[in-house]
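Bear in mind that the values in this text are calculations on the coordinates, not laboratory data. None of the values given here were measured: they were computed from a predicted structure. Cβ coordinates were reconstructed from backbone atoms using ideal geometry, including for glycine residues, and neighbour counts include every protein chain displayed.
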Amino acid sequence: MTGYVECEFDLPDALLTSLVDVFSRVVAAPLLQENLTGIPEAQGVYQLLLKGVPVYIGKTDADAGLRRRLERHARTIQHRRNLDPTDVTFKAVRVFVFTAMDLEAQLIRHYGATAPLAWNNSGFGSNDPGRRRDHTFQRPEGYDALYPVNIDLHVVIAPPAGASTAVVLTLLKTSLPYLLRFENAGGGSKQPHPELVAATPALPPDPRSARQIIEAAVGSLPPGWQATDLGGRVIIYREKFDYAFGTVIQRS
C-alpha cells in the first residue's frame, strides 16, 4: 500500500540491549555503605561482581528500592568465611520505565549464557527460612555453604549491667550481619522464652566475639539448651540435636 508500512518495535529487546550497554560503561564500586548513600530509593536493576566477575543480578521496585536492597546485600557479605567483602563490587542502574518483561530474568539469561551466575538461586539474600526449614539439607553449592558465617569475629554490644540473656541475645541479633534466631515463649508469642528472660550471662570483657557471647548466653541457661551454627545462621533452642549440616556451638 502506497504511503503505509507496519513496524513492530521489540521494546523488551531494545531495553535489554540498552541496559547491557549501560552496564558495560558503569565503573563498579565496592559494595560498602559509604558508596550507597547517594543511590536513590528507586526502581532499577543491579549487578554484584566478585573479583570483577558478575555473580548476581537483581531488580527492585520503588517500594524496595536500589539503596535499601544494596545495603542489605552489603551486610550479607560481612562476617563470612572464604569471602573478603572488599572483593565484592556493584553496578546499579535506575530504570524509569519498566515494561511487562521480566528484566531480572532477561539479564540473568544474558550474563549467565557463558557461565551461571554463582549467587543467583544460591540462597544469597534470602529471608529467614523459618524454624521448619532448619532441618533442610544445605546445598553444597549454595551461598551459605560456600561462605559460612564467621562467629569468631569481634562484635560490639553494650548491654546494661545485669542484663538478662534475652536482652544480650537481642542486642547481639541486632548487631550481627547474619541471622541469629532464638526460641520464643511459644503459643504465637514473639516474646523470648521465659528461661532467657530469667537468666543473666557472665560476659567476657570486650573485645569479644559472637561465639564468646553465645557461649556465655547458653552457659547461663538451665540444662537442655543448644546453640547451633547452621552455616548461614545461628539458632538457639531448647533441644539436643545433631544437625547433619550444622555445628553445635554450646550446650547447657
Subject >> Lys, Arg +1 and Asp, Glu -1 on Cβ, resulting dipole of the chain about Cα centre, debye, nearest 20 >> reply: 740
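Rounded to two decimals, what ratio of Rg to Rh does the range 11-111 give with C-alpha atoms and a Kirkwood Rh?
Working: Rg = 13.3 Å, Rh = 13.9 Å.
Rg divided by Rh gives 0.96.
Between LYS51 and ALA185, how high is the FRET efficiency from 1/(1 + (r/R0)^6) when r is the Cβ-Cβ distance and R₀ = 51 Å? Nearest 0.05.
On the way: r = 46 Å, r/R0 = 0.89.
Computed FRET efficiency for LYS51 and ALA185 comes out at 0.65.
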Original post:
If the chain between ARG208 and TYR4 were fully stretched, how many nm would it gain, using 0.36 nm times the residue separation less the Cα-Cα distance?
Top reply: 65.8 nm
Original post:
Looking at GLN106, PRO40, ILE249, which one has the Cα that reaches farthest to the positive end of the dipole of the chain (charges on Cβ: Lys, Arg +1; Asp, Glu -1)?
Top reply: ILE249
Original post:
For the range 11-111, with only Lys/Arg (+1) and Asp/Glu (-1) charged at the beta-carbon, what is the dipole magnitude about the Cα centre, in debye rounded to 20?
Top reply: 300
Original post:
Most exposed first by the Cβ proxy, i.e. fewest other Cβ within 10 Å, how do LEU153, LEU66, LEU103 rank?
Top reply: LEU153, LEU103, LEU66
**OP:** Report, in deg cm²/dmol and to the nearest 500, the calculated mean residue ellipticity at 222 nm for the chain, where each DSSP H run with n ≥ 4 adds -39500 (n - 2.57) and the sum is divided by the residue count.
**Re:** -7500 deg cm²/dmol
Original post:
Hey, how much of the P(r) for the range 131-251 falls beyond 26 Å, as a percent of Cα pairs?
Top reply: 17
**OP:** Scan the chain and hand back the longest stretch that contains none of the trypsin sites (Lys or Arg not before Pro) lying in DSSP loops with at most 15 other Cβ atoms within 10 Å.
**Re:** 82-239
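Would you tally the net charge around GLU41, using a Cβ to Cβ cut-off of less than 15 Å, leaving GLU41 out, and scoring K and R as +1, D and E as -1? Write out the running numbers ahead of the final one.
Numbers: positive: LYS59, ARG67, ARG68, ARG69, ARG72, ARG94; negative: ASP61, ASP63, GLU71.
Computed value for this residue: +3.
So how do GLU8, GLU215 line up by other beta-carbon neighbours within 10 Å, fewest first?
Working: GLU8 5, GLU215 19.
Lowest to highest Cβ neighbour count: GLU8, GLU215.
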Original post:
For the range 131-251, with the dipole built from +1 on Lys and Arg beta-carbon atoms and -1 on Asp and Glu ones, taken about the Cα centre, which of TRP225, ASN184, THR200 lies farthest toward the positive end?
Top reply: ASN184
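What's the FRET efficiency of VAL20 with ASN82 using the Cβ-Cβ distance as r and R₀ = 25 Å, to the nearest 0.05?
Numbers: r = 30 Å, r/R0 = 1.20.
Step by step, r from the Cβ atoms, then E = 0.25.
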